[in-house]
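The numbers here are math on the coordinates, done by the rules we state, and not lab data. Computed from a prediction, not measured in an experiment: that's the story for all the values here. No Cβ is skipped: glycine too gets one built from the backbone with ideal geometry, and neighbour counts run over all protein chains shown.
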Amino acid sequence: MLRALLLTLSVVAIAHAELCKPDAQNAFKVRISIKTALGDNAYAWDANEEYLFKAMVAFAMRRYSSKSTTQISNVLLCNVTDRVSFWFVVTDSSKNVTTVPGSEVEAAIRMNRNRINNAFLLSDKTLQFLKITSTLSPPVEPSTPVWLIVFGVVLCLIVAGIVFLIISGIRKHKKKNKESTERENLEEKVEVTLENGIPCEALDIKAGHVNGVFAADDERFTSL
Amino acid sequence: MDEEVECSILQCSGHLPQYFALPRRQSKASGCQKGWAGTLRCAVESDTATGAFLIPYFIALLFEGIPLLHLELALGQYLRKGSIGAWNTISAYLGGIGVASWMVSVLISLYYNTVLTWVMWYFINSFQEPLPWSVCPLNENRTGFNEECYESTAVNYFWYRKTLNITPDIAESGRLQWWLILCLAACWAIVYLCTIRGIETTGKAIYVTAIFPYLVLTIFLIQGLTLPGATEGLIYLFTPNLSTLKNPRVWLDAATQIFFSLSLGFGGLIAFASYNPTKNDCEKDAVTVAIVNSMTSLYASIPVFSVLGFKATTAYWDCLDRNIINIINEFDLPEESIMRQNYTSWISFLNSSYPEKIAGLKLKSCDLQEFLDQSVSGTGLAFIVFTQAIILMPGSQAWAILFFIMLFSLGLSSMFGNIEGVFTPLLELQIVPKSAPKELLSGIICLISFLIALCFTLGSGSYWIDIFDRYASSVPLLVIAFFEVIGVVYIYKINRFSKDVEWMTGRKLNLYWQITWRFISPLLLLIVFTAFVTLQLQKPPSYTAWNPKYEGFPMKEEKVYPPWVQAICVLLVALPCMCLPLAALFHLVKQKRRSKDPSLVPSEVFSCQGANINFSHPKE
């Protein structure tokens, strides 16, 4: 009895060893960087964490295929290093000594990646499944790009400034015109004293007035 | 040129605003030619330690910059005219200098505002969280990052793809980028706003655009010095590597960069100085401006280099960390067994025990000096290197906003000088009727410039801006400056000019000015010009293109300019330079025609042209 038990156990162990080894078919390598993710709050990777990992993978498989046949014992871990990295494989309990196809495992992990990450307080980068690419979340994009809004604000300020300056320029111009026309009107109202048909002011201002009758030759007069 | 309003503003302020406009050219635009950042960029690009670059810079300043600055200021102040009128007064044959200056100002204002457009684009994008140049966008099926972005960096991708949408070749023009057109329109609107009534509004705007950058620089200085790796950057800045002085390119760059830094040869200085009172001490002003400019350069270089040192250190740490992760993953060692400190000992140990595995990992060699030496060409310093550094700082949005506002105001104050250099000669030549309001003229100038500058918003726009920068703003300025000095010293005669300056400042010109004006400056300019031409002719001009399909991507691909582009380069250089002989020829023809037609003579006799202007105290 005991011998039979020992025999089955060893067969199972050998079978497991064959199923789970580096680069085995349908096996995946996992790399975990706890210290990078958590720093001082890092926990140590021990057998309990491994148990949790097996549980999470089993959970993922159950959710994906919706059949509750995957047990924790179906998930095999091997080659755990100090890094922390290891290989795992999921066996199929319905068929003897076979592994679940890699594509199924991959799809299951992909679907539940978030849950698995959160269980270990890690992220896609610190809990790496080496052959499984993660779907990156798209960046949050607002409906109107932010830069257009800022641009609109800047442009409004500039246009307001230009309009203000132009209007003040026009107003100054109008005021100057009005003042000059007022001054002209004022001058016209004042009585202009005339002498010989020439206003006195003009005679005062100009240095003299060349009488065309007497000037026959330009050269006889010194230039003004 | 003097109008009541303008005089009072400038006199009350003690000429401060207009002289603040002078240490401009401080945008970190392309090429080795812009102000303080240009000094540093030059050094970084030519793989020189900046400590050595300061030597040719100061020599150029002493023998080229300050003498020419004094010359232009004295000229403008004495003749009280803009550049075209001033040179026509000196000698009618030299009127071409003013026209050439005008032409250079036009060419430069066209492309310079496009650089401001880029700054504005980055500014309005700095309000997002996270900053758009810090993350790569995802590819179509969301399994990874966009390929072009992944292979180069997110910062490069945002600059080359999202901002410029650059084409792989200058011959391919691509399409007009609508977002750049919007920003360009906004930039020209701002320029219009500030120059709407000429120097009246410009004078007010300069207060803000000149003082604000100093504030931001100080803030960056404090922040920069607290960053890790800042000391490495500063040591790099101040250690002279004298072997680099053997490269003639360094001297050339220093000489041409002085022009841009002090805005010599643009005609803007003469125009600004014509607003000064006649008895102003222009000699003191010239020296003050040059010193303020250089001090600003040095002051600005400290935060810039501390940030660069920080960036280099972070890149070095990243390189080390990546190597460490690779090794840990390969050998399945526990985390944090290899740290940056014991990296070298681990590497040597592993190399001796498992050399094939280490070789298989293809580890990059991480060298801090190499990261410090890394150069970026083109508009790299501001838009690639600095933006990368800003992402690494805490509170990056605020730093980005501050940084780009500072760049924008620096560039804007440069634009004022350019636009003034375009505006004033047009007013002088009375091409527009006096009754037309100034607002209309400046509006028309801004509108025309905007329409022409649209071609810089094409896919190949930044290649064209590099061309304009390299050719339109270097050689013509040398030629103009050379003829300016020759014209004043040998045609107007230096003794006459000395008397004029003495009348203005109240003391005799000392030996330094005499020697530099007579011999050293023209000689230096001639040497620089011939060196430039020789270096250009040695090999066909080439450029580096951003081509995602290139094998060496993300390195830029080296390409030669096609012949039609080379022709345009020559045209850009020739156009301003041709103005000089053409104007002289034009005047000669006019003289000959006048001498043949005697009825036209009397009008010349009573005019003041060609008469001894020492007797008139010109005031217009």
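Could you tell me whether the stretch A:15-129 comes out rounded, prolate or oblate from its Cα gyration tensor? Rule is a ≥ b ≥ c as square roots of the eigenvalues, rounded for a/c under 1.5, then prolate if a/b exceeds b/c, otherwise oblate. Intermediate values should be presented prior to the final figure.
Details: a/c = 2.01, a/b = 1.47, b/c = 1.36.
Since a/c reaches 1.5 and a/b is larger than b/c, the shape of the stretch A:15-129 is classed as prolate.
Fewest to most neighbouring Cβ within 10 Å: what's the order for B:S442, A:S103, B:S337?
Numbers: B:S442 23, A:S103 9, B:S337 14.
The most exposed by this proxy come first: A:S103, B:S337, B:S442.
Please report B:W251, B:W87 as a ranked list, fewest other C-beta atoms within 10 angstrom at the top and most at the bottom.
B:W251, B:W87
Within 10 Å of each candidate Cβ there may be at most 15 other Cβ atoms; applying that plus a DSSP loop requirement, which trypsin sites (Lys or Arg not before Pro) in the stretch B:311-419 survive? Can you show the working numbers first?
Working: sites: B:K311, B:R322, B:R340, B:K357, B:K362, B:K364; in loops: B:R340, B:K362, B:K364.
Answer in residue order: B:R340, B:K362, B:K364.
What's the local net charge at B:I527, with K and R +1, D and E -1, over the other residues with C-beta under 15 Å away? Kindly include the intermediate steps, with their values, before the conclusion.
Numbers: positive: B:R249; negative: B:E64, B:D253.
With Lys, Arg at +1 and Asp, Glu at -1, the net is -1.
Between B:N326 and B:L454, with labels modelled 7 Å along Cα→Cβ, what's the label distance in nm to one decimal, could you check?
Reported label-point gap for B:N326 and B:L454 is 5.0 nm.
Mind giving me the FRET efficiency for B:K539 and B:N247? R0 is 22 Å, r the Cβ-Cβ distance, nearest 0.05 is fine. Intermediate values should be presented prior to the final figure.
Numbers: r = 15 Å, r/R0 = 0.68.
Working from the Cβ atoms, E equals 0.90.
Could you compute the FRET efficiency for B:K204 and B:Q369, with r as their C-beta to C-beta distance and R0 at 41 Å, rounded to 0.05?
Numbers: r = 47 Å, r/R0 = 1.16.
That pair, B:K204 with B:Q369, gives E of 0.30.
Tilt of helix B:563-596 relative to the longest C-alpha principal axis of chain B, in degrees (0 to 90, nearest 10)?
Approximately 10 degrees, to the nearest ten.
If you build the convex hull over the alpha carbons only and average its shadow over all orientations, what do you get for chain B? Give it in nm² to one decimal. List each step's numbers first, then the result.
Numbers: hull surface 125.4 nm².
Value for chain B: 31.3 nm².
Going through the stretch B:522-603, which trypsin sites (Lys or Arg not before Pro) have at most 13 other Cβ atoms within 10 Å and a DSSP loop state? Let's see the in-between values first.
Values: sites: B:K549, B:K556, B:K559, B:K590, B:K592, B:R593, B:R594, B:K596; in loops: B:K549, B:K556.
Passing sites in the stretch B:522-603 are B:K549.
Before rounding to the nearest 500, sum -39500 (n - 2.57) across all DSSP H runs of length at least 4 in chain B and divide by the residue total; then give [θ] at 222 nm in deg cm²/dmol. Display every interim value, and only then the final one.
Numbers: 28 runs with 393 residues, N = 620.
For chain B, the value works out to -20500 deg cm²/dmol.
From the square roots a ≥ b ≥ c of the eigenvalues of the alpha-carbon gyration tensor of the stretch B:313-409, which class results: rounded (a/c under 1.5), prolate (a/b over b/c), or oblate?
On the way: a/c = 3.74, a/b = 2.41, b/c = 1.55.
Note, shape of the stretch B:313-409 comes out prolate.
If I take R0 = 22 Å and measure r between the Cβ atoms of B:Y150 and B:K357 in this structure, what FRET efficiency does the formula 1/(1 + (r/R0)^6) give, to the nearest 0.05?
After rounding, the FRET efficiency stands at 0.25.
In terms of Cα to Cα distance under 18 Å, which lysines are near enough to B:K559, apart from those fewer than 8 places away along the same chain?
Answer for B:K559, where 18 Å is the Cα cut-off: B:K539, B:K549, listed by chain and number.
Using the number of other C-beta atoms within 10 angstrom as an exposure proxy, rank B:W121, B:W517 with the fewest first.
Details: B:W121 25, B:W517 22.
Sorted ascending by nearby Cβ count, the order is B:W517, B:W121.
Can you give the angle from 0 to 90° between the axis of helix B:50-60 and the longest principal axis of chain B, with both taken from C-alpha atoms, to the nearest 10?
Once rounded, the angle reads 10 degrees.
Determine the relative contact order of chain B: mean sequence separation of Cα pairs under 8 Å and six or more apart, normalised by residue count, in whole percent.
Working: 883 pairs, mean separation 196.1, N = 620.
Rounded, it is 32 percent for chain B.
Using a 7 Å offset from the Cα along the Cα-to-Cβ direction at both B:I235 and A:A160, what is the distance between the two label points in nm, to one decimal?
So the label points at B:I235 and A:A160 sit 5.2 nm apart.
Which lysines have a Cα less than 17 Å from the Cα of B:K279, not counting those fewer than 8 places away in the same chain?
B:K81, B:K499, B:K508, B:K619
Subtract the Cα-Cα distance of A:V153 and A:K95 from 0.36 nm times their separation in residues, and report this length gain in nm to one decimal. Show your work: numbers first, answer last.
Details: separation 58, 0.36 × 58 = 20.88 nm, distance 6.79 nm.
Computed gain between A:V153 and A:K95 is 14.1 nm.
So what is the relative contact order of the stretch B:115-203, in percent, for Cα pairs below 8 Å that sit 6 or more residues apart? Before the final figure, lay out the partial values.
Numbers: 56 pairs, mean separation 23.7, N = 89.
For the stretch B:115-203, the relative contact order is 27 percent.
Quick one: helix B:35-45 against the long Cα principal axis of chain B, what's the angle to the nearest 10°, folded into 0 to 90?
In chain B, helix B:35-45 runs at an angle near 40 degrees to the longest axis.
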